[in-house]
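Input: a single structure, listed below in structure tokens.
Nothing in this text is a laboratory measurement; each read-out follows from the coordinates by a stated rule. None of these values were measured; they are calculated from a predicted model. Methodologically, a virtual Cβ is constructed for each residue, glycine included, from the backbone with ideal geometry; neighbour enumeration extends over all protein chains shown.
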Amino acid sequence: MSLLDVQAVPRMFKVRQEFPRPEPLDVPSTVAAQIASVQDRLQPHARVAVTVGSRGISNIREIVRAVLDALKAAGVQPFILPAMGSHGGATPEGQKRILADYGITEETMGVPIEAAMATREVGRTADGIRAFTSAVALEADGIVVLNRVKPHTDYFSRTLGSGLIKMMVVGMGKHDGAANFHRTAVHRGYEETLRMLGRVVLREAPILFGIGLVEHQYHDTARIEAVRPEDIEAREAELFAEAAALLPKLPFDDADLLVVDQIGKNISGPGMDPNVIGRHAHHYSTLLQNALEVTPFIRRIYVRGLTPETHGNAIGVGLADAVHVRLTEAMDVESTFVNVRTSLTLHNAKMPMHFSNDRAALAGLLDSLALPDPAQARVMRIRNTLDLAQLELSEAFAAEVATREDLTALSEPAEWGFAQDDLLDLA
């Protein structure tokens, strides 16, 4: 492969995406009001488990603290249940470490964190599929299921994704429940499996209520809502529709190259959100033509590194075409492999070709596009798939940006900024 010279790399300019910006929520007062709406579900002095997962949920520390404070004010004794399936290497220590990254510790929250991985079978579906739930949660007097509702990162449905039901089945199921769910879903389908196992957990586990969170395009909290158990399935479909409409997206559906500075479990289940990049956990095509008719269609993806919060879990690396060598060096193979084996998405752990520096990676990937003029390549650069309000675009997008009311150019096209052949951080 011949490396292109610096002049062949397209010039880039900074762009801001304008999304509707809802009024900010007052988290403590909103949580207090929502807990008050279901206070009849709370018995004085009851021990109550509150689920907290591994995703990078906006304001999660403040929300969890507000929930715990409201529960205490209602006279119950809450504790935190790490509810993240097999994440954190499927160990109590690993799951507590993930929570600590979000500032959620026993000291900051003022309650115990009970992270044991043991589970119990709570029941079976009509055709004999077993449902597992954390033994710690089952020993509590009640469970508050807290989670963000959003479209899932793989093929679920148009009405159900990540949310309260998935938290009950997969998160609260610890490693056993996550593995059982995925092994069933590959044969029965994700949505059917979630719904039938979720109904078992709702029937058999002491679920007091759910607290559904919805975020808007600026990765901030748009809604906090308490949902009674009998309403969870129906209400989650409505919250899902709201979250789907607020999902941040890339400004263009067709690009030659996407540069992603960091991927990680705190960003998305498979490191970078397939709803954003158009590549899903089980497959994608490297053809330069959109044979699979996916949206968006990104011909090449380059990932520069892992987030610190992912602790080396590089799931999703297989969705990239190339990575910086620093990512391979930071990868925790055991943690990554546990995650992909549990989710049965082996494709997500395949290691793409890796480059010793960004300059070589950009040149190599542009060369692989077989473009008549690589300087005219349609290139986008983002920090991660959550932070899409500000990004960099190549000069080939400039004319289209000028016609879009939702896009504002923040700089003139300029050469990439390098320091010893690696890109400078996005400003």
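Here are some notes:
- Candidates per trypsin sites (Lys or Arg not before Pro) in the range 273-365, loop by DSSP, up to 16 other Cβ within 10 Å: Lys350
- Put a plus charge on the Cβ of each Lys and Arg, a minus charge on the Cβ of each Asp and Glu, and nothing anywhere else: the dipole of the range 385-427 about its Cα centre is then about 140 debye.
- Dipole-positive endmost among Asn180, Ala49, Ala137 within the range 27-245 (Cβ charges, Cα centre): Asn180
- Entry for the chain at q = 0.06, 0.07, 0.10 Å⁻¹: log10 I(q)/I(0) = -0.26, -0.35, -0.69, Debye formula applied to identical alpha-carbon scatterers, no solvent contribution.
- Percentage relative contact order, the chain, counting C-alpha pairs under 8 Å, at least six apart: 21
- Summed over all non-identical Cα pairs, the Kirkwood treatment of the range 235-314 gives a radius of 14.0 Å.
- Each of Thr108 and Ala36 was given a label point 7 Å from its Cα along the Cα-to-Cβ line. The distance between the two points is 2.8 nm.
- Set of lysines with alpha-carbon distance to Lys96 below 25 Å, sequence-local pairs under 8 removed: Lys72, Lys150, Lys166, Lys174, Lys265
- Peptides 207-214, 234-241 ranked from most to least packed give 207-214, 234-241, packing being the mean of other C-beta atoms within 10 angstrom over each peptide's residues.
- Point-charge dipole on Cβ atoms (K/R +1, D/E -1) for the range 320-373, about Cα centre, debye to 20: 160
- Its Cα centre serving as origin, the chain has a Cβ charge dipole (Lys and Arg +1, Asp and Glu -1) of approximately 1100 debye.
- Phi-based couplings in Hz for the range 125-139 (Karplus 6.51, -1.76, 1.60; Gly and Pro marked x): 6, 4, 9, x, 6, 7, 10, 10, 9, 3, 4, 4, 5, 5, 7
- Residue exposure sequence - Thr307, Thr125 - by fewest surrounding Cβ within 10 Å: Thr125, Thr307
- Compared with the dominant Cα axis of the chain, that is its longest principal axis, helix 174-188 is turned about 70°.
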